[in-house]
Amino acid sequence: MAESKAVVWGAGGFVGAELLRLILGHPRLELAGALSSTHAGRAIGEAFTGLAGSSELRFQSGDTWDWAQCGRGSWTLFAALAHRRTMHQLPPVLARLQQAEDLAVIDLSGDFRLSDAEAYREFYGEEHAAPALLGGFVYGLPELNREAIRSSRLIANPGCFATGAQLAVLPLAASGLGVEFVALDGKTGSSGAGVQARPTTHHPLRSNNFRAYRVGRHQHLPEIAAGWAGAGGSPETGLSFVPQMAPMVRGIFSTAHCWLREPLEEGQIERVYREYYRSAPVVRLVEDSPSVAEVWGTNRCDLSVRGEGRCVQVCTAIDNLVKGAAGQAIQNANLVRGWEETAGLTTPAPWPV
């Protein structure tokens, strides 16, 4: 029996499609609305043929959706609108539903991830339209903020790069080992750039190619820095992040090179990571390198860690559309609702892909 009705606002993109897929397979969520101005009037299975036969719902636009119904009973709103658009469209809905009986909002854009309006302007390129709401959303990385997420109804889902990078370094931040510098890079698939074709995602330009972009000014850098500090990392630690485009559709592979002030004892870093992730159901420590293909379609993060002397190397692999977006949003909804954290998220990865 479903316990909360779900509506996906911005359901026409890659992340929206993943949200629809995961909600339709969730044991405690009922898909009640799929909002997309692009697909308004079309059946879900017509727009996304992989979902044909899974739902009789048709897309509606956000302008015609009856928002008042979300004030009665239990509703979970997944806002999958674009960056710089959500801050204009979501606040009026929140104001209208202030007296809602049981509404939880999971925002998948970057508009409420940062608590500082100046940082938002610097990294997203314009003034924030609703600065009073900044800081009102809990940053939704369960491996960092699990208890705060449980007690909140406004969640800012992390960015995909930021998820892979933070999962690589949070145990070090919390360890007190004395980290001097962390050099991070993340290689991402083309689906991370969204459904609209651009020169950076167009297949002939992306296939058989590899390049870095937005070096030193990517919008996920302040998220990573905030996560480092939130886990107990020293503000004196240098952080560097280089995002890179890989010739694949799904996945993010992150690497962290970390330098410590003092050399490690034998087996010390492995113990640090296993202890930190002891109660993290979607993080799996692996002996060899993680593989993007082995987490494809799942909400899992595979992680390997090696340490010798003063140097630590960490690798993580996630699916950017699942743990990096839609799956993490479901994981957050589970926590908010008090359900099993992995409800609806236990399907294993296909092999080969």
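The values are calculated or read from the model by the stated rules, or taken from the named source; none is laboratory data. Being a predicted model, the structure only gives us computed values, none of them experimental. Using ideal geometry, Cβ is built from the backbone for each residue, glycine included, and neighbour counts are taken over all protein chains shown. We work out accessible area using only protein heavy atoms, side chains counted, and drop any ligands, DNA or RNA first. Shrake-Rupley method; radii C 1.70, N 1.55, O 1.52, S 1.80 Å.
Numbers below:
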| item | result |
| --- | --- |
| Filter result (in contact with a helix residue (DSSP H, G or I) (Cβ under 9 Å, 6 or more places away or on another chain) and open to solvent by less than 40 Å² (accessible area, probe 1.4 Å)) within segment 241-263 | F241, P243, M245, A246, G251, I252, S254, T255, A256, C258, L260 |
| Failed condition for S279, given (1) in contact (Cβ under 8 Å) with a residue 60 or more places away in the chain; (2) open to solvent by 40 Å² or more (accessible area, probe 1.4 Å); (3) not acidic (D, E) | (1) |
| Residue among V8, V15 that alone is in a strand (DSSP E or B), touching a helix residue (DSSP H, G or I) at 6+ places or on another chain (Cβ under 7 Å) and within 26 Å of K323 (Cα to Cα) | V8 |
| Residues satisfying the stated conditions in segment 257-274, i.e. closer than 12 Å to P171 by Cα, within 23 Å of the chain's Cα centre (by Cα) and touching a residue at least 60 places away in the same chain (Cβ under 8 Å) | Y273 |
| Matching helices (runs of 4 or more DSSP H) fully within segment 140-225 where at least 2 residues are touching a residue at least 60 places away in the same chain (Cβ under 8 Å) and open to solvent by 60 Å² or more (accessible area, probe 1.4 Å) | none |
| Candidates A68, A34, filtered to the one that is surrounded by 16 or more Cβ atoms within 10 Å (Cβ to Cβ) and hydrophobic (A, V, I, L, M, F, W, C) | A34 |
| Residue check, R28 buried (at least 17 other Cβ atoms within 10 Å of the Cβ), closer than 18 Å to G344 by Cβ and of a type in the set (K, R) | yes |
| Flag if E143 is farther than 21 Å from L77 by Cβ, of a type outside the set (A, V, I, L, M, F, W, C) and touching a Lys or Arg at 6+ places or on another chain (Cβ under 6 Å) | no |
| Filter result for the condition that a residue is closer than 22 Å to G136 by Cβ, at pLDDT 95 or above and aromatic (F, W, Y), over F59, F78 | F78 |
| All positions within segment 69-81 that are among the aliphatic types (A, V, I, L, M) and part of a loop (DSSP other than H, G, I, E, B) | A80, L81 |
| Count of residues meeting criterion [of a type outside the set (A, V, I, L, M) and free of Cβ contacts under 8 Å to residues at least 60 places away in the same chain] in segment 99-114 | 6 |
| Residue list for segment 82-125, filter: touching a Lys or Arg at 6+ places or on another chain (Cβ under 9 Å), part of a loop (DSSP other than H, G, I, E, B) and at pLDDT 95 or above | A100, E101, S109, G110, D111 |
| Hits in segment 39-68 (condition: of a type outside the set (A, V, I, L, M) and part of a strand (DSSP E or B)) | R58, Q60 |
